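Some notes on the structure that comes next.
Please treat every number below as a calculation from the coordinates, not as lab data. Small disclaimer: the values here were computed from a predicted structure and weren't measured. Quick reminder, even Gly has a Cβ in these numbers, built from the backbone with ideal geometry, and neighbours come from all protein chains shown.
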Amino acid sequence: MAQTTPPTQGTTSPKPQNERLQFRLVGYPRKHNEGRVEVFYKGEWGTICDDDFSLSNANVLCRQLGFVSATGWTHSAKYGKGQGKIWLDNVQCNGGEKSIDLCKSRGWGNSDCTHDEDAGVVCKDERLPGFVDSNVIDVRHYNGLQLHYATAGSGVNPSQFRKCTGDPISNSILSFE
C-alpha cells in the first residue's frame, strides 16, 4: 500500500469525450452497497488500486453508483482480487467531483499495482432520490453464480436472451434453445 511513485502532479485523468464509463461493485462476501469497485473503460472491466485511496474517493464513487455517500472503503482486495486492467492508481479526489475521472491520478491504465491492492467501497445504504443511470450494473452472487442486473436504459436487449433449458443453480454449464 505504500506509494512508490507519485501521481502525475496536478493532473486529472479525463476520459475521451465519447468514452462511457460503467461501474459495478463485485466480490464476495458482500452486500449490495459494498464491494470491489470495477470500472468498464475502453471495452474492458478493470479495478482501482488502493494507493492513496480515501473516503473522499469512496464518496465520489458511491454517488456515481447511485448512493448518497460512503461510510468507508477497503484495501488489499478485501472483496477478492479482480482481473484485467488496473485502470486507476493514486486517485486523489476532494470529494466534490461528479465523476472519478475528474480526480487526480496517474492516468488511465498507468499503475504500479497488482490486484492484491484492489480498492473497495462501502456505500451508505440509501439511494440518491430519482437516481437512474444506465452506466451502473448491479452484480450479485448466488451459490457461486455471478448474476448481472442492468438498469433501465442500459442497452441490454431482451431479445438476446433465450429460454434456459438447464437448471442454472445445479448445472455449471447452461444450454440455451
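If each residue's Cβ is checked for other Cβ atoms within 10 Å, how do 49, 93 rank with the fewest at the top? Intermediate results must be reported in sequence, preceding the final value.
Values: 49 25, 93 22.
Arranged by neighbour count, lowest to highest, 49, 93 become 93, 49.
Just want the ordering: 36, 24, from fewest to most Cβ atoms lying within 10 Å of their own Cβ. Display every interim value, and only then the final one.
On the way: 36 25, 24 19.
Going from least to most buried by this count: 24, 36.
Can you compute the FRET efficiency between residue 127 and residue 102 using 1/(1 + (r/R0)^6), with r the Cβ-Cβ distance and R0 = 30 Å? Round to the nearest 0.05. Before the final figure, lay out each step's value.
Details: r = 22 Å, r/R0 = 0.73.
The calculated FRET efficiency here is 0.85.
Going 7 Å from the Cα of residue 20 toward and past its Cβ, which residues in the range 36-58 have a backbone nitrogen under 14 Å from where you end up?
From the range 36-58, the list is 40-44.
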